[in-house]
Amino acid sequence: MAAVGLLAGNVRVELVQGEILDMPPINAGPASLVDKLNRLLVRAVEDRAIVRVHGTVCLDADTEVEPDIALLAPRADFYRAAHPKGTDTFLVIEVEDDGLQHVLDVELRLYARHGVPEVWVVDIASGELISYHRPSAGTYLNRSASRAPGVVPLAALPGVHVNLSELFTS
């Protein structure tokens, strides 16, 4: 829509089940945590995955979301021909300081329904990392939360771990 002039090119929106949702600007705190997570993930996964920051994931014809971070299956073309789908996505990370309820009410169900095996929600207000695993029938069967996450395995990449012990430190 931006390409044909229906939306300004700098407007942050997501297409969720056919509805265009206005997304708030990214504040400094969440941006900083996204940068920190990006660095940690790139180091941990090396060439076993693509780390995409604020990029589109196409869940279906009516839903294109832009998670803070998506860990994608490696492809030689880096998804040049088409956006990755839920089944191409190993992990989604959402860093939230004020949109937590939308993530919990809407996005988690979408990710689960479209086969994203793992979602992390970084809740800045509570200082918690909330992890969701094992999607089934539009929900996640496993949920865990930690204020001191430590070394965390990546479910889709056996043997790969990310040290998140300093995630909530400055």
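Brief remarks follow.
- Taking first residues from segment 55-83 that are farther than 14 Å from VAL116 by Cα and in contact (Cβ under 8 Å) with a residue 24 or more places away in the chain and partners that are of a type in the set (Gly, Ala, Ser) and surrounded by fewer than 17 Cβ atoms within 10 Å (Cβ to Cβ), the Cβ contacts under 6 Å between residues at least 6 apart in sequence or on separate chains come to ASP62/GLY18.
- Total residues in segment 138-165 satisfying the condition of being part of a loop (DSSP other than H, G, I, E, B) and either touching a residue at least 12 places away in the same chain (Cβ under 8 Å) or surrounded by 12 or more Cβ atoms within 10 Å (Cβ to Cβ) (or both): the figure is 12.
- For segment 77-131, taking the residues that are open to solvent by 20 Å² or more (accessible area, probe 1.4 Å) and of a type in the set (Phe, Trp, Tyr), the one that is nearest to ALA31 (Cα to Cα) is identified as PHE90.
- Residue under evaluation ILE50, criteria (1) open to solvent by 20 Å² or more (accessible area, probe 1.4 Å); (2) at pLDDT 95 or above; (3) touching a helix residue (DSSP H, G or I) at 6+ places or on another chain (Cβ under 6 Å), criterion not met: (3)
- Cβ-Cβ under 9 Å pairs, at least 6 apart or on other chains, segment 107-129 side closer than 14 Å to ALA145 by Cβ and in contact (Cβ under 8 Å) with a residue 60 or more places away in the chain, far side assigned to a loop (DSSP other than H, G, I, E, B) and of a type in the set (Asp, Glu): VAL122/ASP68; ILE124/ASP97; ILE124/ASP98
The values are calculated or read from the model by the stated rules, or taken from the named source; none is laboratory data. Computed from a predicted structure; not experimentally measured. Glycine gets a Cβ as well: all are built from the backbone with ideal geometry, and neighbour counts include every protein chain shown. Only protein heavy atoms, including side chains, enter the accessible area calculation; ligands, DNA and RNA are left aside. Shrake-Rupley method; radii C 1.70, N 1.55, O 1.52, S 1.80 Å.
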